[in-house]
Amino acid sequence: MGIFDRVSTIFKANVNSALDKAEDPEKMLTQIITDMNTQLVKAKQGVAAAIADEKRLGKEYKNEVESAEEWEGKATIALEKNNEDLAKKALVRRNEHQQLVNDYKEQWDKQKSAVEELKGHLLDLQRRIEEAQRKKNLLVARQKRAQAQKQIHDTISGMQKNDAFSTFDRMNAKVDEYEAKADAAAEMSAEFSGEDKLEAEFAALKTKSSVDEDLAALKAKVAEK
């Protein structure tokens with residue numbers, strides 16, 4: 001299983017686990033992004049190791065090229081000295097290194113291709129994680145808006161079930177009724193207070209007349225004596 005296959009498998013497992021637990025969306029998405037970044041770090045380490053292998057193969061290839069050239073040079077010197085046996089031995093060694101040159105060249109080329117492919121996958125993975133981060137922010141904003149809307153609707157629904165607004169309407173009508181009764185009582189009180197005052201004035205007048213009559217009678221009686 002390749003580096004990015006493992007990243008994909010782990011990511012899917014984390015997502016499924018989080019969904020199964022029915023966690024809070026914001027916490028779940030934050031954890032997923034954290035896991036993805038952790039896997040990204042591991043993927044970068046894997047790509048770095050692949051690059052190191054590519055550089056090692058390249059170095060080995062160049063070393064073998066130099067060795068092959070060196071032994072060919074020795075074979076040339078041996079021939080110049082008319083020593084064919086030594087020249088043959090040098091060529092055998094040259095051919096051994098040349099075979100390694102071919103082998104290392106093949107592996108080096110393959111490793112370079114693999115490294116370029118891994119770099120492309122790494123850049124794609126990083127881009128997708130950045131996109132996931134942006135989507136996460138949008139999803140969290142949508143979640144919070146939905147929660148706020150639900151809370152408002154639940155509150156309104158609760159008030160309607162409790163008949164809170166109807167109670168206010170009934171209390172308003174009741175207060176109107178109390179005010180009307182109070183106004184009527186005040187009006188009645190004013191009217192009846194006027195009649196009582198008038199009757200009191202007449203009663204006082206009658207009382208005054210009676211006293212005057214008593215005084216006149218008393219004077220007449222005194223005068224007769």
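Is the stretch 30-43 home to any residue that is at pLDDT 95 or above, basic (Lys, Arg), touching a helix residue (DSSP H, G or I) at 6+ places or on another chain (Cβ under 9 Å) and not in a loop (DSSP other than H, G, I, E, B)? No, the stretch 30-43 contains no residue that is at pLDDT 95 or above, basic (Lys, Arg), touching a helix residue (DSSP H, G or I) at 6+ places or on another chain (Cβ under 9 Å) and not in a loop (DSSP other than H, G, I, E, B). The condition of being surrounded by 15 or more Cβ atoms within 10 Å (Cβ to Cβ) and assigned to a helix (DSSP H, G or I) holds for only one of Arg94, Arg142, that being Arg94. Would it be correct to say that Leu125 is surrounded by 15 or more Cβ atoms within 10 Å (Cβ to Cβ), over 30 Å from Ala68 (Cβ atoms) and in the same structural domain as Leu40 (by TED's automatic domain parsing)? Spelling it out, Leu125 is indeed surrounded by 15 or more Cβ atoms within 10 Å (Cβ to Cβ), over 30 Å from Ala68 (Cβ atoms) and in the same structural domain as Leu40 (by TED's automatic domain parsing). The set of residues in the stretch 39-54 that are of a type in the set (S, T, N, Q) and exposed (fewer than 14 other Cβ atoms within 10 Å of the Cβ) contains only Gln45. Of all residues assigned to the stretch 97-109, at least one qualifies as being more than 30 Å from Arg142 (Cα to Cα), part of a helix (DSSP H, G or I) and among the hydroxyl-bearing types (Ser, Thr, Tyr). In the stretch 137-160, the residues that are farther than 24 Å from Met28 by Cβ never reach a residue that is of a type in the set (Gly, Ala, Ser) and in a helix (DSSP H, G or I) with C-beta atoms less than 8 angstrom apart, at least six apart or across chains.
The values are calculated or read from the model by the stated rules, or taken from the named source; none is laboratory data. Small disclaimer: the values here were computed from a predicted structure and weren't measured. FYI the Cβ positions are ideal-geometry reconstructions off the backbone, even for glycines, and counts take in every protein chain you see.
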